[in-house]
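Note sheet for the following structure.
The values are calculated or read from the model by the stated rules, or taken from the named source; none is laboratory data. Because the structure is predicted, anything quoted here is derived from the model rather than measured. Quick reminder, even Gly has a Cβ in these numbers, built from the backbone with ideal geometry, and neighbours come from all protein chains shown. Keep in mind that these areas ignore ligands, DNA and RNA; they rest on the heavy atoms of the full protein, side chains included. Shrake-Rupley method; radii C 1.70, N 1.55, O 1.52, S 1.80 Å.
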Amino acid sequence: MNNVFESSHPLVAHKLTRLRDKNTDPKKFRELIREISALLAYEVTADLEVAPLRVQTPLAEAEGVELKQPIGLVPILRSGLGMVEGIWGLMPTAEVWHIGLYRDESTLKPVEYYNKLPVEPTVSVCLVLDPMLATGGSAVATVDILKQWGVSKIKFVGIIASPEGVDAMHNSHPDVPLHLAVIDDHLNEHGYIVPGLGDAGDRQFGTG
Ligand code: URA
């Protein structure tokens, strides 16, 4: 499918297996989320625009570059929080804008409860972060919000997706690339990805 990128990196696959394991404790789980996110970020950022920059080395002048566009990391609360650190470490000047959406368990539809975006956009590229692309409702709603805010370049970074979530994003926002560690088999009747890893929020924050 166009604009859907599933990682084929062995380190991602190795860490993902540990992440899925129900015996992985919250500390290790958070560590794995951070590490996988950083590995995915390497691929996601491959087409960022750069501007020329000359620097002086101890020996001579060197031609180099610097990132051109201001970048925003947009974790979807609360599961996306754990993905920020690994990516922010690679792009410390990125701005972090939180979007709070919870899934109404009866309708499985997203309900917005936190959004403090200023009126004018302050970034031109946004990476939307959510480890689980399940129904796709939260991701679609977040991209709606960012497009309304005026951001022209938006990418989604997730760890496990369901085919249903991929379809939902693709139907609503075909222009937004999806960068994923893996697409799993299906979504169950409770909106959980199978085989998945359970509840990514509970497993990070020890609340399960
Ligand atoms: N959110 C999760 O944390 N896990 C799923 O499987 C689906 C949504």
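Assorted remarks:
- A 1.4 Å probe run over the chain, with the rest of the protein chains in place, finds 51 Å² accessible per residue.
- Nearest-20 debye value, segment 1-45 charge dipole, Cβ charges on Lys, Arg, Asp, Glu: 260
- Carbon + sulfur, % of accessible area of the chain - ligands and nucleic acids excluded, 1.4 Å: 54
- Residues whose placed amide H lies under 5 Å from that of Val4, excluding near-sequence neighbours: Leu178
- Structure remark: mean-square fluctuation, Gaussian network model of the chain, C-alpha springs under 10 Å; the largest value among Leu77, Leu180, Leu67 belongs to Leu67.
- The chain: relative contact order in percent, alpha carbon pairs under 8 Å with at least 6 residues between: 23
- Calculated Rg and Dmax of the chain using C-alpha coordinates, Å: 17.5, 65
- Considering only Ser152, Ser162, Ser138, the Gaussian network model of the chain with Cα springs below 10 Å gives its largest mean-square fluctuation to Ser152.
- Cα-centred dipole magnitude for the chain, charges only on beta-carbon of K, R (+1) and D, E (-1), debye, nearest 20: 440
- Cleavage-rule hits (GluC sites (Glu not before Pro)) in segment 5-110: DSSP loop, at most 14 neighbouring Cβ within 10 angstrom: Glu49, Glu105
- Residue among Gln69, Gln56, Gln148 with the largest mean-square fluctuation in a Gaussian network model of the chain, springs linking Cα atoms under 10 Å: Gln56
- Zone of Val4's modelled label, taken as backbone nitrogen in segment 169-208 under 14 Å from a point 7 Å along Cα→Cβ: 169-187
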